[in-house]
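The structure appears below as structure tokens.
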Amino acid sequence: MESEPPKAFLRQCYPFLSLPPRTPLYLVNHGETGPIRCNRCKAYMCPYMQFIDGGRRFQCAFCNCVNEVPVFYFQHLDHMGRRMDFYERPELSLGSYEFSATLDYCKNNKPASAPAYIFMIDVSFTNIKSGLVRLLCDELKTLLDNLPREEGAESSAIKVGFVTYNKILHFYNVKSALAQPQMMVVSDTAEMFVPLLDGFLVSYAESRAVIHNLLDQIPDMFADTNESETVFAPVIQAGVEALKAAECSGKLFIFHASIPTAEAPGKLKNRDDKKLVSTDKEKTLFHPVKGVYEQLSKDCVAQGCSVDLFLFPSQYLDIATMGDVPAHTGGAVYKYSNFQVETDGEHFLRDLRKDVEKPIGFDAIMRVRTSTGFRATDFFGGVYMNNTTDVELAAVDCDHAITVELKHDDTLSEETGAFMQCALLYTTVGGQRRLRVHNLSLNCSSQLMELFKSCETDSLINFFAKTAYRAILKQPLKSVREILVNQTAHMLACYRKNCASPSAASQLILPETMKVFPVYMNSLMKTAPLVGSTELSTDDRAHQRLAVMAMGVEDTQLLLYPRLIPLHNMELEGEAVPSPLRCSEDRLSDGGAFLLENGHALFLWLGQACPPELIQGLFNLPSLAHLQPNTNVLPELDSPQSRKVRAIVSSLMQQRPNSMKLQIVRSKDKLEVLFRQFLVEDKGLYGGASYMDFLCYVHREIRTLLT
């Protein structure tokens, strides 16, 4: 029988703290000596190191090697064997802290430079006509005042540069000494180079007047364009070359509208073939086109260049390929289909503001060290791996997580426990090289019951989502779904056989900590990437797949089980948000109003018999019948209902990494189909069982395994 405990017994998510977190981490500076490390395994000084021999030596917790303590670091031990300065040194008393890095930790032993942000705007016909270019240029005039800055610094050290493009690229000299910005054109996109060094990347504070002048000119300069073809790979190449020339890391913000069909490296063709759906070749739809984009990812990571992509498509784009560079460089892909300034403008600007302003680190390398008995074997996230241990990140920010799979391959000691250290070397927004260290100590137990008692369902489901989304690149969807069901049944059968009290076989018994695991697993199997349906857009499926691969635990939890908040009986006074209900049609009522959100979509659902006073309070209309179809804005009214619901929506928006576009849906509307696909306990719109049916199926599988 196969219901034995799994060997990869510990699967732990290692999300990065915000950079910097709400409480800045303590910074330890040992001057030119640099951080103190174990001579053998190179682990950094942490609370788990044991000082011996009167404080003259320390034993490494990770490899047991005994090391000499440098003279300047010596301190006497107290009667407990602890250093007298234990509480004065963050690296001896805290789980997370930072070290100042010396030149040995810098590229080519040269001090790091402050990063640069390059804004690269597609000025083809689609983006000009939709009003996007004008909207973006107007926003940048105020947004650039809010570039991230070093803790305590008066202004940001980040340099900025501007490129516009269609079939050819236009670079701008915005040197502060100029009266007018100067444009330089590169039309040979096969051999990309940056036509100017001095004046391309500048300080926003110094060149503000010239930059404002440029942002005023761009929309008018291309107002009469008829050019609809664009390039894409040369745009990223240009950004990397500019950062190379300036010897700094940075980020490219690319605003792009259509599939790149112009003759140039990285030209793409439409490969959206619906006939492949539900066949063994369906996986090719998620594969990026090899060659140019693979090399670009390598070049970007080597330079510490992250790519964020804002897409405004009206048809197929091949996100599987275009999103590949952002996926390997710690970047993100934002998508606004059929973009219109009136309905999508604010939604896009909220995303852009968050993206530009968020704390971030560049040109990073991460390594996870463990004590003996287990080791890190796999990494999931916006990472690039040249070897099996060093995780390379062009950039790392507070919205992206890395999931680490740890394999148990030797005896673990119940007495000492298991230790982990995650060390991240990165460049700050002020150009300082730092080492951020996170330490974790876990208890070990030979009792399987103890393992199930402390199991974290949220982390498990994050891990399963990422392994499944990686597996669909190699296996048919049907096989991946079967594996997920098997793994669920095996884990629960293992508990039933080895931990649960004897009971009737007809009874389904779940560990207390995994009561909700089946509902999340069923919801995962109904997500767009794992459902073979020709009705779903290939780009949407590829987009969700890429987003989940870099998500943290909290975000996957919300994506797989949205919050359904009743509004019709809420307390109008105070700030309390009504408790969410189970995500099922059974919970909706004709006389109710409900807010549903999953971190990416936000709906306000109004029942046919919704109370007139609520409609009056929210929309200043006498009844629901007066509400215009396609209304997607909550007017700012001075009524208790309006104030309360807008406060709830605003609070949800602030908590989530992405902006969400509100969609108002009336019961029995056409749009209701969209809303109902998020009621994850019900039968899937494009296939997939209801929660109760799935539970019965898993129960049957468990019984089969046990007999």
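Overview of results
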{"quantity": "Wholly enclosed helices (runs of 4 or more DSSP H) of the range 286-396 bearing at least 1 residues of a type in the set (S, T, N, Q), in contact with a strand residue (DSSP E or B) (Cβ under 8 Å, 6 or more places away or on another chain) and farther than 28 Å from residue 477 by Cβ", "calculated": "292-303"}
{"quantity": "The listed residue being closer than 23 Å to residue 206 by Cα, small (Gly, Ala, Ser) and out of contact with any Pro (no Cβ under 6 Å at 6 or more places or on another chain), out of 161, 131", "calculated": "161"}
{"quantity": "Residue within the range 116-123 that is within 25 Å of the chain's Cα centre (by Cα), among the small types (Gly, Ala, Ser) and not in a helix (DSSP H, G or I) present", "calculated": "yes"}
{"quantity": "Qualifying positions in the range 661-701 - among the basic types (Lys, Arg) and farther than 28 Å from residue 567 by Cβ", "calculated": "700"}
{"quantity": "Scope the range 533-554; condition within 17 Å of residue 285 (Cα to Cα), in contact with a His (Cβ under 9 Å, 6 or more places away or on another chain) and of a type in the set (A, V, I, L, M, F, W, C); matching residues", "calculated": "547"}
{"quantity": "Extreme residue, nearest to residue 606 (Cα to Cα), among residues of the range 666-690 that are touching a strand residue (DSSP E or B) at 6+ places or on another chain (Cβ under 6 Å) and without any contact (Cβ under 8 Å) to a residue 24 or more places away in the chain", "calculated": "671"}
{"quantity": "Tally, over the range 539-576, of residues that are in a loop (DSSP other than H, G, I, E, B), among the hydrophobic types (A, V, I, L, M, F, W, C) and in contact (Cβ under 8 Å) with a residue 60 or more places away in the chain", "calculated": "5"}
{"quantity": "Output for the range 185-202, where each listed residue is buried (at least 16 other Cβ atoms within 10 Å of the Cβ) and either hydroxyl-bearing (Ser, Thr, Tyr) or part of a strand (DSSP E or B) (or both)", "calculated": "186, 189, 202"}
{"quantity": "Inter-residue pairs, beta-carbon under 7 Å, first farther than 30 Å from residue 274 by Cα and in the range 285-314, second surrounded by fewer than 20 Cβ atoms within 10 Å (Cβ to Cβ), 6+ apart", "calculated": "301/384; 303/244"}
{"quantity": "Every pair of residues 6+ apart whose Cβ atoms lie under 9 Å, when the first sits in the range 651-665 and is over 16 Å from residue 353 (Cβ atoms) while the second is among the hydroxyl-bearing types (Ser, Thr, Tyr) and at pLDDT below 95", "calculated": "664/631"}
{"quantity": "Residues of the range 325-350 that turn out to be surrounded by 21 or more Cβ atoms within 10 Å (Cβ to Cβ), touching a Ser or Thr at 6+ places or on another chain (Cβ under 7 Å) and either within 30 Å of residue 157 (Cβ to Cβ) or not assigned by TED's automatic domain parsing to the domain that holds residue 127 (or both), as a count", "calculated": "5"}
{"quantity": "The range 157-184: number of residues that are in contact (Cβ under 8 Å) with a residue 60 or more places away in the chain, in contact with a Gly (Cβ under 9 Å, 6 or more places away or on another chain) and surrounded by fewer than 21 Cβ atoms within 10 Å (Cβ to Cβ)", "calculated": "1"}
{"quantity": "Where residue 357 falls short, out of the listed (1) buried (at least 17 other Cβ atoms within 10 Å of the Cβ); (2) in contact (Cβ under 8 Å) with a residue 40 or more places away in the chain; (3) of a type outside the set (Lys, Arg); (4) in contact with a helix residue (DSSP H, G or I) (Cβ under 6 Å, 6 or more places away or on another chain)", "calculated": "(1)"}
{"quantity": "The listed residue being out of contact with any Cys (no Cβ under 7 Å at 6 or more places or on another chain) and closer than 15 Å to residue 663 by Cβ, out of 588, 606", "calculated": "606"}
{"quantity": "In the range 659-678, the residues that are assigned to a loop (DSSP other than H, G, I, E, B) and closer than 16 Å to residue 590 by Cα", "calculated": "667, 668, 669"}
{"quantity": "Options 154, 150, 139: the member that is surrounded by 16 or more Cβ atoms within 10 Å (Cβ to Cβ), more than 27 Å from residue 224 (Cβ to Cβ) and not assigned by TED's automatic domain parsing to the domain that holds residue 425", "calculated": "150"}
{"quantity": "Qualifying residue in the range 515-538 (condition: out of contact with any Gly (no Cβ under 9 Å at 6 or more places or on another chain), within 30 Å of residue 624 (Cβ to Cβ), assigned to a loop (DSSP other than H, G, I, E, B) and not assigned by TED's automatic domain parsing to the domain that holds residue 274)", "calculated": "yes"}
{"quantity": "When residues of the range 609-647 are limited to those that are hydroxyl-bearing (Ser, Thr, Tyr) and within 23 Å of residue 659 (Cα to Cα), the one nearest to the chain's Cα centre (by Cα)", "calculated": "631"}
{"quantity": "Elements of type strands (runs of 3 or more DSSP E) in the range 25-115, at least 3 residues being of a type outside the set (Ser, Thr, Tyr) and closer than 28 Å to residue 442 by Cβ", "calculated": "50-52, 57-59"}
{"quantity": "Residues located in the range 620-658, provided they are surrounded by fewer than 16 Cβ atoms within 10 Å (Cβ to Cβ), outside any loop (DSSP other than H, G, I, E, B) and not aliphatic (A, V, I, L, M)", "calculated": "626, 640, 643, 646, 650, 651, 654, 655"}
{"quantity": "Filter pass, residue 71 being modelled with pLDDT of 95 or more and touching a helix residue (DSSP H, G or I) at 6+ places or on another chain (Cβ under 9 Å)", "calculated": "no"}
{"quantity": "Some residue of the range 136-152 being touching a helix residue (DSSP H, G or I) at 6+ places or on another chain (Cβ under 9 Å), part of a strand (DSSP E or B) and modelled with pLDDT of 95 or more", "calculated": "no"}
{"quantity": "Residue count, the range 533-571 (criterion: farther than 17 Å from residue 660 by Cα, buried (at least 21 other Cβ atoms within 10 Å of the Cβ) and charged (D, E, K, R))", "calculated": "3"}
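The values are calculated or read from the model by the stated rules, or taken from the named source; none is laboratory data. Quantities reported herein were computed from a predicted structural model and do not represent experimental measurements. Using ideal geometry, Cβ is built from the backbone for each residue, glycine included, and neighbour counts are taken over all protein chains shown.
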